[in-house]
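Below is one structure; the comments refer to it alone.
Here, each number is a calculation from the coordinates, and none is a lab measurement. Because the structure is predicted, anything quoted here is derived from the model rather than measured. Counting neighbours? That spans all protein chains shown, and the Cβs are built from the backbone with ideal geometry, glycine included.
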């Protein structure tokens, strides 16, 4: 079965800059809302009065809904195709539901009660709806990579471009948040809800603009039928479960997402409560991370890629995160300025791990396009469940009163946030590097790029 951008173009042809750009912006709505979800959801919920455990339940409900939707969406996309329809429908659901995630408790107003149980149930419901749409958009967008082109260099370039625009989306979110926090300062529950509602509205507007560009500029990958009008048989799930590389890539992808998502969710707590930095640091520190990640992602698009090079770059990112985790663990609040230097290292490490980790999925799929949506869906399921459970466990051990005791001038304040941010991502980075070393990645025959593919 052969897919193509256009019927007259061979799948192995290197993609041009415009085609790469149109594809790369297709995940912007997901990325900007995801950045808000992981960076500010737990902070928002605890600021309006929910306990850390209840806030973690809200996030876990969304992650569980996301994880199961990826499985069903992957199976249905493999059966029926129509990537852009799935992408558009998921984007609509994301746009409609996301503002409610950071809005007021509508059921509380309807039933006339403001109990913590009602608030938790309300936010969990909207979080689940949001993540259903998010998952449908993600699986359809990721599955398109292997159906757009069979050229291995172009596949890595598409992954790099998408990662670059992920950085753009995150930077956009933090620019919006920084402006809102500086302009509209409030400590009341109503004021805090208004702050985050404005962040949500502006994020949705920007993301939807880029979704429109993607749908307008991207052609639906079509199936070229044989002479008798039949297509190759769809690949069963068992085909992937028999491959050792599937389990290796799955583990690498999961630990990579744990590194990026868990660290993103805990940074706001860490810089405010552990390092006692200014409120603006909730936006500045993540912004520095994503500026560095964006720059590295753009540079990575210019490389010629082999299996060995993917492994080497992933390992380099893992080593950088290990050193960064050690720095986070011992950094005292009196030297919090060093956090900006650590942010640069973390940004580089995130880009190296994310781009190469996603590209390994393309190598796993290869030319087996009839089951690619299942691969991306199943790996995303593992990602969502593991991140949700990890954050739930970490938040469950947090105290409702986040004021820190027993702060040492050398080691700083010892908290669950510090241990989680310092040890968990670094341990995952180490595990991912070890697994990557054991992989047998085929080295593709590469052609030089026809032109720089900066996007």
What base-10 log of the normalised intensity I(q)/I(0) is obtained for the stretch 239-385 from the Debye formula, alpha carbons as equal point scatterers, at q = 0.09, 0.19 Å⁻¹?
-> -0.33, -1.12
Using per-residue counts of other Cβ atoms within 10 Å, averaged over each peptide, order 90-103, 427-440 from highest down.
-> 90-103, 427-440
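Gain in length, residue 440 to residue 110, computed as 0.36 nm per residue apart minus the alpha-carbon separation, to one decimal in nm? Write down the numbers at each step before the final one.
Numbers: separation 330, 0.36 × 330 = 118.80 nm, distance 5.75 nm.
Contour length minus the Cα-Cα distance gives 113.1 nm.
Would you order 302, 395, 193, 220 from fewest to most other beta-carbon atoms within 10 Å of each residue's own beta-carbon?
Numbers: 302 12, 395 26, 193 18, 220 15.
Neighbour counts put them in this order, fewest first: 302, 220, 193, 395.
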Please report how far the C-alpha centroid of the stretch 157-182 lies from that of the stretch 327-355, rounded to the nearest whole angstrom.
-> 18 Å
